[in-house]
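For reference, the structure discussed in these notes is given below.
The values are calculated or read from the model by the stated rules, or taken from the named source; none is laboratory data. Note that this is a predicted model, so its numbers are computed, not measured. Glycine also receives a Cβ, built like all others from the backbone with ideal geometry; neighbour counts cover every protein chain displayed.
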């Protein structure tokens, strides 16, 4: 057998060798010279061995993958690190978002689903999961798709420890936009519900309420005074937390509004209106059609502290937290002139609006009463912040003032 192989290799005239300068030469080649080329010769391209192309029929007949000779003479070629070219296609690989049935749902809203995307680990590293927000099929239209893209535009410009991190805006398997964000353990609303089921009417410890309140206040300080953005829908369901409250972040910027440096709605950047959620909305929005300012976020912030005491939704007997978005959509239809004003009178317009919009509770826009439980001295700071945040908008503290209060009076460490 060895004799037959020797005759075959001796019959080969030559193989082409690529020189360093790029030119090719010819050298005699036989089985005894295999050790001159480190590595294993294979069919196809073998440039890593210093050899150009071995014709397929020769490689097939000579079975170059077969091991022969003294294996101790073979060496693994050194790894080339300096000339490696990064595969751009690898860097730009599109993110694949599976269909909703293959994802675990971790949150929801009016027509919105939030899902956990467990990402496959890379070699040598573990990748954190993402929270993926997408419109449900019944609400999946071009208008809502645009709203999700606008939310992504807002989120990608924000960078703060108390703001949920933007990760990607990708296309799902259905071709619709999906907003991928940093994922935490759960929403504060879920945490409140869990405690109510276990502890019934026992509020969170004051230290936990102050911890969460301080972190949210820092996020609002950044939003209002640095990014000049009004969140527009602060509530426990739009705050995500870790189990031990070591991380607290604001999320859901689909209702955000630009602010001026004086912390009022910036109308120079377009037509905006406050949406929010009705049972959290401040009185200047619900009753007085007052100015939209950063104080709106302060009111709803105060109600989040109340939620951690009462373990309930504000005005829960009247509130459907999803109804406000339906009302806002009806308002947008009117503002987009989808009703021809030349064909209907003002009275007819008002009648139509009353029919399509849910009735307002008289309790909306009022401070909810505290539950009939004894709160000891530890809750003094919590109650003081709650009361000062739920007074007239002209008298509410700014987010910056809240952070100062926490640092000075509530024994919370500085940033």
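Remarks
- Hits in segment 260-275 (condition: under 30 Å from residue 316 (Cβ atoms) and out of contact with any helix residue (DSSP H, G or I) (no Cβ under 6 Å at 6 or more places or on another chain)): 265, 272, 273
- All of 276, 213, 232 fail the test of being touching a strand residue (DSSP E or B) at 6+ places or on another chain (Cβ under 6 Å), buried (at least 22 other Cβ atoms within 10 Å of the Cβ), under 23 Å from residue 367 (Cβ atoms) and in contact (Cβ under 8 Å) with a residue 24 or more places away in the chain, apart from 232.
- Total residues in segment 169-199, condition part of a strand (DSSP E or B) and within 12 Å of residue 308 (Cα to Cα): 0
- Test result for residue 268, more than 21 Å from residue 365 (Cβ to Cβ), part of a loop (DSSP other than H, G, I, E, B) and more than 17 Å from the chain's Cα centre (by Cα): no
- Exactly one residue out of 254, 213 is touching a helix residue (DSSP H, G or I) at 6+ places or on another chain (Cβ under 8 Å) and assigned to a loop (DSSP other than H, G, I, E, B), and it is 254.
- Entry remark, segment 284-302: residues being over 18 Å from residue 228 (Cα atoms), part of a helix (DSSP H, G or I) and in contact with a helix residue (DSSP H, G or I) (Cβ under 8 Å, 6 or more places away or on another chain) number 3 in total.
A quick yes/no check of all residues on (1) surrounded by 14 or more Cβ atoms within 10 Å (Cβ to Cβ); (2) at pLDDT 95 or above; (3) assigned to a helix (DSSP H, G or I):
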residue	(1), (2), (3)
307	yes, yes, yes
319	yes, no, no
341	no, no, no
361	yes, no, no
364	yes, no, no
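- Subset of segment 129-173 that is surrounded by fewer than 14 Cβ atoms within 10 Å (Cβ to Cβ) and over 20 Å from residue 256 (Cβ atoms) - its residue that is modelled with the lowest pLDDT: 138
- Complete set of residues in segment 216-244 that are in a loop (DSSP other than H, G, I, E, B) and either outside the structural domain of residue 308 (by the TED database) or modelled with pLDDT of 95 or more (or both): 228, 231, 232, 233, 234, 235
- If you filter segment 380-404 down to residues that are crowded, with 19+ Cβ neighbours inside 10 Å and outside any loop (DSSP other than H, G, I, E, B), you find that the one that is nearest to the chain's Cα centre (by Cα) is 399.
- Filtering segment 235-253 to residues that are surrounded by 23 or more Cβ atoms within 10 Å (Cβ to Cβ) and more than 23 Å from residue 312 (Cβ to Cβ) leaves only 253.
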